[in-house]
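No lab work stands behind these numbers, since they all come straight from the coordinates. Note that the coordinates shown come from a computational prediction; the quantities given were computed from them, not determined experimentally. Cβ placement follows ideal geometry from the backbone for every residue including glycine, while neighbour counts extend to all protein chains displayed.
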Amino acid sequence: MQYALSIFLSGISLGGQYALIAIGYTLVYGILRLINFAHGDVFMVAGLMMVYLSTALPLWLALPLMLVLTVALGFAIERAAYKPLRSAPRMSVMISAIGVSYLLQNLATYITGGLPKSYPELPFLSDSVVIGGVSTKWVTIVTPFLVIALVFALTQLINHTKVGMAMRAVAKDFETSQLMGIKINSVISMTFVIGSFLAGVGSMLYFSNYPSIVPLSGALPGLRAFVAAVFGGIGSVPGAVVGAFIIGMSESVIKGSPFSIFSDAFTFALLIVILVVKPTGLFGEKVTDKV
Amino acid sequence: MLRIDDLRVNYGGIEAVKGITFEVPEGKIVTLIGANGAGKSTTLRSIAGLVKPASGRIHLQAEDITALAPDRIVSKGITLVPEGRHVFPDLTVVENLKIGAYLRKDDLSHDLEWVYSLFPRLKERSWQAAGTLSGGEQQMLAVGRALMSRPKLMMMDEPSLGLAPLVVKDIFSIIRKINEQGVTILLIEQNANMALHIADLAYVLETGRITIKGTGKELLSNEAVKKAYLG
């Protein structure tokens, strides 16, 4: 019973952390039809920034500053690496994204010397708590609630504000959106800002649980979050969230079994099964091509 | 109101518009007629700022608007109802109308009422996703959406395309009504007969050049026009 509870707790917190990353993939894909391979590395850089900021500044200042800088990084990546390729074939933009991914990893190696950095202990989040006989950190409990609150705020933004309406319009039709007077570049920047912000929050939660950061720390969580987004139907925010919780939970279950070494293989096997049965993912749209 | 001087536009590697000059006087209905590929759509798209002209000037009143971005053009009071309607299928009817007023920050309720009075059908369906509307209703929505920006000049690209004859008649009578309320219209049509009947001024565009100009009536009785476009 305790064992099941500990699996469950780690599953939902991992799922919540993947969800925050997955939303960044799904929003950008929804608007640009681009898989932003650099997104997982933005998540890693957010973690490293927190490491360095917290040595120089008090935490209450380091944390918001980390979020602001992460948002600025996402914004800058879009402007520098994707915007100039707006009318280029999609493949070129994807290659550019892979390039940015390597650039961030190499930069991280250069700065850290490739040595693992340990994430600062955050008050409250890193404290231990015992629930039903299971000892865990507060971050495990906080994650699902924080994720639900953020996702709720995001869906309100998308469905009930002018910016959100513009995002939905641009996702469907660039040219007609321009005819409405919408500046598509601002809307695209907005999606990168939101995605990076959530990745910043996600990094805070994730690295409080797994406090060792190396330059490749963004690669696997990024990949799993991407799988979660595809699983849920890429382009769909609720899909990404549900997908992430399923991926997180199944990873936790496998990791608690004798087959833990196969957890990533299992994740992908699950993805393949879902895509064979429902090629557009759980919440995917039937028609994804632009007319 | 709108003056086009020696406009040349390359599109898809060819020179689609080869130096055309024409004028749209304030308060009038002006039509450009011509066959497929004559450069009609490209002309409208370059006025709207979607494609950059290779050379030539576009003036709105005294202001040069040639190189402005599409959102700046909209803010100057020019709107384009695109060919094929292009309503946003996932947005509701009322959201489609609101997004037409994207650049406006004032109260929209009067304009919504105005559009609903022109197109009562839209009011009945205001909470429906636009993708569920019929072709004619979508065209009405596209026109209503354009009106929400309170345009001085409304450009329309083939509003009758793919619609049933009765619906086409409706659309044209609405165009007239909108014009009577002070909106200048620049209309391009393959349905030359309908367009010439409502036009104050008409131009014939052939492979990127203007070949004939006159009032709608003059062109209706012009032998060359009759032969080529009225059948």
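Worth a mention:
- In this structure the amide hydrogen of B:LEU186, modeled in the peptide plane, comes within under 5 Å of the amide hydrogens of B:VAL30, B:MET154, B:MET155, B:MET156, none closer than 5 places in sequence on its chain.
- Based on DSSP H segments of at least four residues, each scored -39500 (n - 2.57), chain A has a per-residue ellipticity at 222 nm of -24000 deg cm²/dmol.
- Relative contact order (percent, whole number), chain B, Cα cutoff 8 Å, 6+ residue spacing: 28
- Label-point separation, B:THR92 to B:THR132 (7 Å along Cα→Cβ), nm: 1.1
- Against chain A, whose longest principal axis comes from its Cα atoms, helix A:162-172 is set at around 70 degrees.
- Placing pseudo-labels 7 Å out from each Cα toward the beta carbon at B:ASP5 and B:LYS76 gives an inter-label distance of 1.3 nm.
- Test item: B:85-91 mean partner chain Cβ contacts at 10 Å: 5
- Taking every C-alpha pair closer than 8 Å and separated by at least 6 residues, the mean separation divided by the residue count of chain A gives a relative contact order of 36 percent.
- Rounded FRET efficiency, nearest 0.05, which uses the C-beta distance separating B:ILE14 from B:SER117 and R0 of 35 Å: 0.20
- Angle in degrees between helix A:237-255 and the longest Cα principal axis of chain A, rounded to the nearest 10: 30
- Neighbour-count order for B:THR207, A:THR55, fewest beta carbons within 10 angstrom listed first: A:THR55, B:THR207
- Cβ-derived FRET efficiency at R0 22 Å, A:SER87 paired with B:ASP64, nearest 0.05: 0.30
- Degrees separating the helix A:2-32 axis from the principal Cα axis of chain A, which is the longest one: 20
- A:ALA38 long-range amide H proximity, modeled H, under 5 Å: A:SER101
- In this label model, A:VAL68 and A:ILE111 are separated by 1.7 nm, measuring between points 7 Å along each Cα→Cβ vector.
- Peptide packing for B:22-33, A:126-137 was compared via the average number of neighbouring C-beta atoms within 10 Å per residue; ordered from the highest value, the list is B:22-33, A:126-137.
- Long-range lysine pairs (8 or more apart or interchain), segment A:2-277, Cα under 29 Å: 9
- Relative compactness, the protein assembly as shown, computed as alpha-carbon Rg over 2.2 N^0.38 Å: 1.18
- Counting every C-alpha pair in segment B:88-129, the share spaced more than 10 angstrom apart comes to 70%.
- Three-way shape call for segment A:7-100 based on the alpha-carbon gyration tensor, with the a/c threshold at 1.5: oblate
- When the Cα gyration tensor is reduced to axis lengths a ≥ b ≥ c, the ratio a/c is 1.5 or higher for segment A:2-277, and with a/b above b/c it is classed as prolate.
- Listed from fewest to most Cβ neighbours within 10 Å, the set B:ASP157, B:ASP71, B:ASP90 follows the order B:ASP90, B:ASP71, B:ASP157.
- Summing Lys and Arg as +1 and Asp and Glu as -1 over all other residues whose Cβ lies under 15 Å from the Cβ of A:PHE37 gives a net charge of +1.
- Peptide A:171-178 - average C-beta neighbours from other chains (10 Å radius): 6
- Here the dipole of segment B:1-54 is about 140 debye; that uses its Cα centre as origin and unit charges on the Cβ of Lys and Arg (positive) and Asp and Glu (negative).
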